[in-house]
1. Aspartates and glutamates within cross-link reach of Lys3: Cα-Cα under 20 Å, excluding same-chain residues under 8 positions apart?
2. In nm, to one decimal, how far is the Val24 label point from the Asp12 one, both placed 7 Å along Cα→Cβ?
3. Once you have a ≥ b ≥ c as the square roots of the Cα gyration tensor eigenvalues for region 1-41, tell me rounded if a/c is under 1.5, and otherwise prolate or oblate according to whether a/b is larger than b/c.
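No lab work stands behind these numbers, since they all come straight from the coordinates. Model, not experiment: these values are computed from the prediction. Quick reminder, even Gly has a Cβ in these numbers, built from the backbone with ideal geometry, and neighbours come from all protein chains shown.
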Amino acid sequence: DPKFVVLVVIDDPQKGSYYGSQIVAPVFKDIVSQLVRYYQLSPYVKDSTPVAVKPSNTLPEPHLSGDGSVTLPNFTGFTYGEVRDWLHKAGLAFKPDGTGIAVSQDESGGTTVQPGTAITVHFSR
């Protein structure tokens with residue numbers, strides 16, 4: 001009983017990258033991630049434990065204090081790409097564990113960290 005059908009077609013791939021895993025898969029992942037969040041669908045991990053989907057649509061913008069430190073948000077329910085982009089904007093290093101949707105992080109939301117700190121976030125499909 002499918003809810004969605006997603007077809008991604010790349011008409012003219014650029015020279016050097018022409019494999020589906022390099023071109024089409026990231027586009028497909030972004031589309032499906034947005035559908036999951038918009039319709040508040042809960043993805044499941046291998047042991048069938050439901051993963052909570054974050055109710056807000058976007059992560060807050062990073063706020064740097066005077067010394068350059070930043071307070072981490074709770075990344076649970078956000079995609080790999082969203083977390084990566086947020087950490088990059090905040091001037092932090094990204095240490096991902098897995099791919100998909102964030103299920104936990106080593107440094108909890110609300111923790112203040114210094115610039116360049118490596119942040120470990122755990123993901124599950």
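1. Cross-link targets: Asp30.
2. My value for the distance between the label points is 1.9 nm.
3. prolate
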